[in-house]
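Note sheet for the following structure.
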Amino acid sequence: MDFSKDEMIMMMLYSPGNRPGLISTLEDMKGQLTGDDAELSVLVDSILPKLNAMTDEEFNGMSICPDI
């Protein structure tokens, strides 16, 4: 999966260490966003399908610490 730098940073900040937990955390966080948080909502919307398309093994094999 190709994740953008911004997606990687968001995943790094919100990840509890596993793919299902990250999906749940991002969905919960998105539910709390307001209209002022449109950019964050778009970012979450771009991450979730990618996370749902990958396996736990693929997630565990990737580094979510972006090269900044």
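Structure data summary
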read-out	value
Test for residue 43: is it in a helix (DSSP H, G or I) and open to solvent by less than 50 Å² (accessible area, probe 1.4 Å)	yes
Count of the stretch 51-68 residues which are part of a helix (DSSP H, G or I) and either farther than 19 Å from residue 24 by Cα or open to solvent by 50 Å² or more (accessible area, probe 1.4 Å) (or both)	6
Residues within the stretch 13-40 that are open to solvent by 50 Å² or more (accessible area, probe 1.4 Å) and either without any contact (Cβ under 8 Å) to a residue 40 or more places away in the chain or over 13 Å from residue 59 (Cβ atoms) (or both), tallied	17
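The values are calculated or read from the model by the stated rules, or taken from the named source; none is laboratory data. Everything numeric here is computed off the predicted structure, so don't read it as measured data. As a convention, Cβ positions derive from the backbone with ideal geometry for all residues, glycine included, and neighbour counts pool all protein chains shown. Ligands, DNA and RNA are excluded from the accessible area calculation, which covers all protein heavy atoms including side chains. Shrake-Rupley method; radii C 1.70, N 1.55, O 1.52, S 1.80 Å.
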